[in-house]
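Below is one structure, written out as structure tokens, with a few remarks after it.
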Amino acid sequence: MPVPTMSFLTGIHFGPGMVSLLPEILAEQGVSRPLLVTDRGLVDCGLAERILPHPAAMFDQVAANPTEDNVLAGLAIYREHGCDGIVAAGGGSPLDCGKAIALLATHPEPLEQYALLRGGVSRITADKPPLIAVPTTAGTGSEVGRGALIAFGRGAKLALISPHLYPTAAVCDPELTLGLPPLLTAGTGMDAISHCVETFCSPKFNPVADAIALDGLSRACRNLRVAVEDGGNLEARSEMMIAALEGGLTFQKGLGLIHSLSHPLGAVPGLPLHHGTLNAIFLPHVLRFNAPDCPQKMEQMASTVGIARGENLPEFFSRLISEIGLPTRLRNLNVGRNLLPELAGMALADHSTATNPRPVSEADCIEQYEIAW
Ligand SMILES: [Zn+2]
């Protein structure tokens, strides 16, 4: 068995009120002119100002799925204002965009050469400005992840992955998620759950990550309904935030077919689909598809979420997804059926496919899209 590399690197400041530590953390990192990377929604609801009232500059135009153009626009502002570090605040999109801006602050363009599928890992060095991640959703885990997903011009969503892309520090303050609307709480929460499920099922050897994934799965399944129904419940919000963080810590095991299917749909121009909501739609079907190749893991996950048999897991998640108000079919999201065959090739080529527990063909991808449609 090959010797695995296991690393958990980001300094994590977790707990209600922790956002007040941000000035101290920036000073510790020697950052005096931070660029705040975020989106309009966070500015409009006042959270951006609460997180960092006086940034040296701000880039608040990150799209729902961050694009290469977003990264270049943020980079221009970073340079124009002589910034020396980045605070990335919001859901996964601003966090991923911030990582890519930090990368290009010291690495030559074009950005695409750093994508995993373009052989980018060896081109990314440790020479980067500090990046502090401040998640305001509980889902992506990007605050402790070494990856960033960026949509490139031709619509491909490519992953930049490197141990040098871990944020320098993460400030996880569950109070920042108290105002998250129910549907977004549900969608992001299902993203966290799908990270725990897929990394646990990944065939790579990393029992440390497995243990973290099961703990995250257990916390998320016990608390997601409450967080959706009673958004002001700080305990449920804290549990969801730690579950999301745990999902992110396990990324290094690799994801699987849920994410392979979800990524191309998230990159379709003009069709802004929520990543976690897409994952929720695929989760039960992919579990059924994978079950014959990971029967023991199905049983372990069943006992983690408190049901008797692994074979009932898909049904368990279907019920959860309906109860928290998420759509269960692609057609509910206005996805045209004619798009699916074209996306199947992109799904097969996705970086997550390699660590799916069951080998996947293009025909399997088409079939999974059809079932989910
Ligand atoms: Zn995800």
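Details
- Considering only P264, P23, P130, the Gaussian network model of the chain with Cα springs below 10 Å gives its largest mean-square fluctuation to P23.
- Among L340, A148, T304 - extreme Cα towards positive end, dipole of the chain, charges at beta-carbon: L340
- Angle in degrees between helix 340-349 and the longest Cα principal axis of the chain, rounded to the nearest 10: 70
- Cross-link partners of K99 among lysines (Cα-Cα below 18 Å; sequence separation of 8 or more within a chain): K128, K157
- Length gained when the stretch D127-I371 is fully extended (0.36 nm per residue, less Cα-Cα span): 83.3 nm
- Other residues lying with their Cβ under 14 Å from the Cβ of D364 contribute a combined charge of -3, Lys and Arg counting +1, Asp and Glu -1.
- Under 20 Å of direct C-alpha separation, and excluding same-chain neighbours fewer than eight residues apart, K297 reaches these lysines: K204, K253.
- Residues whose placed amide H lies under 5 Å from that of V62, excluding near-sequence neighbours: T38, R40
- Dipole in debye (nearest 20) - the chain, about Cα centre, beta carbon charges: Lys, Arg +1; Asp, Glu -1: 460
- Simple label model, 7 Å out from Cα along Cβ direction - E362 to R33, nm: 5.0
- Mean projection of the Cα convex hull over all viewing directions, computed for region 11-176: 8.4 nm².
- Relative contact order of region 181-372, taken over Cα pairs closer than 8 Å and 6 or more residues apart, is 28 percent.
- Take the Kirkwood radius over Cα pairs of the chain, plug it into Stokes-Einstein at 37 °C and 0.692 mPa s, and you get 161 µm²/s for translational diffusion.
- To the nearest ten degrees, helix 362-372 and the longest principal axis of the Cα atoms of the chain are 90 degrees apart.
- Only Lys, Arg (+1) and Asp, Glu (-1) charged, at Cβ; region 200-259 dipole about Cα centre in debye: 200
- Summing Lys and Arg as +1 and Asp and Glu as -1 over all other residues whose Cβ lies under 15 Å from the Cβ of L217 gives a net charge of -2.
- 0 to 90° range, to nearest 10: angle between helix 313-323 axis and the chain longest Cα axis: 60
- Contact order for region 1-133, expressed relative to its length and based on alpha carbon pairs under 8 Å spaced 6+ residues apart, stands at 24 percent.
- Radius of gyration and Dmax over the Cα atoms of region 181-372, both given in Å: 15.4, 44
- For region 153-265, the Kirkwood hydrodynamic radius comes to 14.9 Å, computed from all pairs of different C-alpha atoms.
- Derived scalar couplings ³J(HN,Hα) [region 193-210; Karplus, 6.51 cos²θ - 1.76 cosθ + 1.60; whole Hz; x for Gly, Pro]: 4, 5, 5, 5, 5, 6, 5, 5, 7, 4, x, 5, 8, 7, x, 5, 5, 4
- What the phi angles of region 249-256 give under the Karplus curve with 6.51, -1.76 and 1.60, with θ = phi - 60°, is a coupling list of 5, 9, 3, 4, 6, x, 8, x Hz, glycine and proline written as x.
- Gain in span if fully extended, T328 to A64, counting 0.36 nm per residue against the direct Cα distance: 93.0 nm
- Gaussian network model of the chain, springs between alpha carbon atoms under 10 Å - residue of H54, H195, H275 with greatest fluctuation: H54
- Residue with peak Gaussian network fluctuation, the chain [Cα springs, cutoff 10 Å], from V134, V286, V360: V360
- Exposure proxy ranking for C201, C221, based on other Cβ atoms within 10 angstrom of each Cβ and starting from the fewest, stands as C221, C201.
- Charge dipole (debye, nearest 20) of region 1-123; +1 at Cβ of Lys and Arg, -1 at Cβ of Asp and Glu: 240
- Loop sites in region 136-199: trypsin sites (Lys or Arg not before Pro), DSSP, at most 10 other Cβ within 10 Å: R154
Bear in mind that the values in this text are calculations on the coordinates, not laboratory data. The structure displayed is predicted, hence computed values, not measured ones. Every residue, glycine among them, receives a Cβ derived from its backbone with ideal geometry; neighbour counts consider all protein chains shown.
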